[in-house]
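Have a look at the structure below before the remarks.
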Amino acid sequence: MEDPNTHDNVDSEKISESFLCCVCLELLYKPVVLSCGHISCFWCVHKSMDTLHESHCPICRHPYNHFPTICQMLHLLLLKEYPIAYKRRENQILEEEKEMGIFSPQFNSQAYNHGGNPASLSTMGFESKSPSDSLSTRKGEPYANLELLNSDSQVQDDGVCALIEIRSGNSEVIGNVSLKENTSKQVLVSDVLCLACKQLLFHPVVLNCGHVYCESCIIIPAGEMLKCQVCQTLHPRGFPKVCLELDHYLEENFPKEYVRRRDAVQLKQVVIEYRTHHWGQIQMQRLCGENWF
């Protein structure tokens, strides 16, 4: 039976509306960020996808075809920010997954950092009652870049997450992740750094692979598709939009650092525009000089 004090503790955490899923209206769990920048729970997005045609964001109806990987940085941020509520959501979702016989991707002990490759996520528990129930067959191949492992996850009362690998029907504990050890009382700047510039994220965009960058750090070579600098996964369908919920969170929780980052990015843009304009003038002068003769 669930401890009645748990509800009081969850309420005391004062969950921001920005981190409530627009579909289930609960705290985001295993968040995925669509190309439009909106965030939803892993299962909420998965269940809302169209199996035959183009899918649409439940908020803005922006179309998409590829199921995003869980954003590990947001997952850990929520785990730190709302440890009690997040653990409660974990237990709740795990019970639902057991009933379905299908489990969502889990994080192993070596993947508990923002810089980790999403491929290090253990796609645990794709035990389905029939081959047609397998998540990997869903339109858009949501797990194409993940290593498939038949595993399960259990959260013990002492806050230790036991990672259990299932081989030939036999389960074996392969490691423990202490939620207490991996979560301090507050989110640090080091938890929300851009993977390119290694600075506090400014106008963050989340690629389909789940990695997060500053909008200004994303570069698409001419004639090529956007590729993640960490895992080299191609990002489908153009340039992703800024994740405004995360951006507002960063501005509110790290005001001084955010202002410095904003000023630095704006200065960089001014310099780039000046150099581009100056180079254009030089080229024009050269052309005029050649035509003069």
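Amide H contacts for K227 (H built 1.01 Å from N in the peptide plane; partners 5 or more residues away or on another chain; cut-off under 5 Å): H235.
Converting phi to 3J(HN,Hα) with the Karplus coefficients 6.51, -1.76 and 1.60 and the offset θ = phi - 60°, region 251-266 yields 5, 6, 8, 10, x, 5, 5, 5, 4, 4, 5, 4, 5, 5, 5, 5 Hz in sequence order, with x at every glycine or proline. Residue exposure proxy: Y86, Y258, Y213, ordered by other Cβ atoms within 10 angstrom of their Cβ from fewest to most, comes out as Y258, Y213, Y86. With the cut-off at under 18 Å, measuring from each backbone N in region 193-226 to a point 7 Å along the Cα-to-Cβ line of E273 picks out 203, 215-217.
Charge tally around L250: other residues with Cβ under 9 Å, Lys/Arg +1 each, Asp/Glu -1 each, net -3.
Using the number of other C-beta atoms within 10 angstrom as an exposure proxy, rank T69, T233, T51 with the fewest first.
T51, T233, T69
The numbers here are math on the coordinates, done by the rules we state, and not lab data. What you see is a predicted model, and the numbers here were worked out from it, not measured in a lab. No Cβ is skipped: glycine too gets one built from the backbone with ideal geometry, and neighbour counts run over all protein chains shown.
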